[in-house]
Amino acid sequence: MPSWGIIRSVEPAGFTNISALGVEEQRVNVIVDPPASGRITGDGFRVEGSIVTRSSPRALVIPRSALVRENDATETSQWVTYVLNAGRLERRTVRTGHIGNLGAEVVSGVREREDVVLFPSDQITNGARARRSGA
């Protein structure tokens, strides 16, 4: 069960660390005051956490990998996705809200419980026959 702490300070400069797998990681030290839980931790206690920068419990979110940028080189570029509809792929223009690394908020263009194609290639065409994976 998560316990919430209060961030006291974030150091002004980050640093690069090499992980055990040899991957460069960008880090910054953050000082967090733990909740008054009565438990005492020692000096140098390490905490791994996540930072929520945006939350909307009623938002419709699809995987970021389902979106394709159309007319990428122009100012009129827009997001599209492919939805499985009655055994056919249907190309849809999607209006997005917040887009993160893994998910994208959909404002219009896709409805809840519709199946979207992940990682659509340029070989996919509107109206092509398709079926759900594993179906």
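The values are calculated or read from the model by the stated rules, or taken from the named source; none is laboratory data. In this text, all values refer to a predicted model and were calculated from it rather than measured experimentally. Every residue, glycine among them, receives a Cβ derived from its backbone with ideal geometry; neighbour counts consider all protein chains shown. The protein model used for the area step is the full one, side chains on, heavy atoms only, and it has no ligands, DNA or RNA in it. Shrake-Rupley method; radii C 1.70, N 1.55, O 1.52, S 1.80 Å.
Here are the numbers:
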{"item": "Built amide H within the under 5 Å cut-off of residue 128, gap 5+", "result": "89"}
{"item": "Environment charge at residue 111 (Cβ cut-off 12 Å; Lys +1, Arg +1, Asp -1, Glu -1)", "result": "-2"}
{"item": "Compactness of the range 18-98 - radius of gyration and Dmax, Cα, Å", "result": "21.6, 60"}
{"item": "FRET efficiency, 1/(1 + (r/R0)^6) with R0 41 Å, evaluated for residue 56 and residue 85 via beta carbons", "result": "0.95"}
{"item": "Solvent-accessible area per residue for the chain (1.4 angstrom probe, square angstrom)", "result": "83 Å²"}
{"item": "Label-point separation in nm, residue 7 to residue 32, each point 7 Å along Cα→Cβ", "result": "1.1 nm"}
{"item": "As computed over the chain, the Cα convex hull volume per residue (Å³)", "result": "230 Å³"}
{"item": "Within the range 64-135, GluC sites (Glu not before Pro) in DSSP loop having at most 12 other beta-carbon neighbours inside 10 Å", "result": "75, 112"}
{"item": "In Hz, Karplus ³J(HN,Hα) per residue of the range 22-27 (6.51, -1.76, 1.60; θ = phi - 60°; x = Gly, Pro)", "result": "x, 9, 6, 10, 8, 10"}
{"item": "Simple label model, 7 Å out from Cα along Cβ direction - residue 77 to residue 99, nm", "result": "0.7 nm"}
{"item": "Solvent-accessible area, 1.4 Å probe, carbon plus sulfur percent, for the chain", "result": "50 percent"}
{"item": "DSSP loop chymotrypsin sites (Phe, Trp or Tyr not before Pro) with at most 14 other Cβ within 10 Å excluded, longest remaining stretch of the chain", "result": "46-135"}
{"item": "Amide hydrogen neighbours beyond the local backbone of residue 59, cut-off 5 Å, H modeled", "result": "none"}
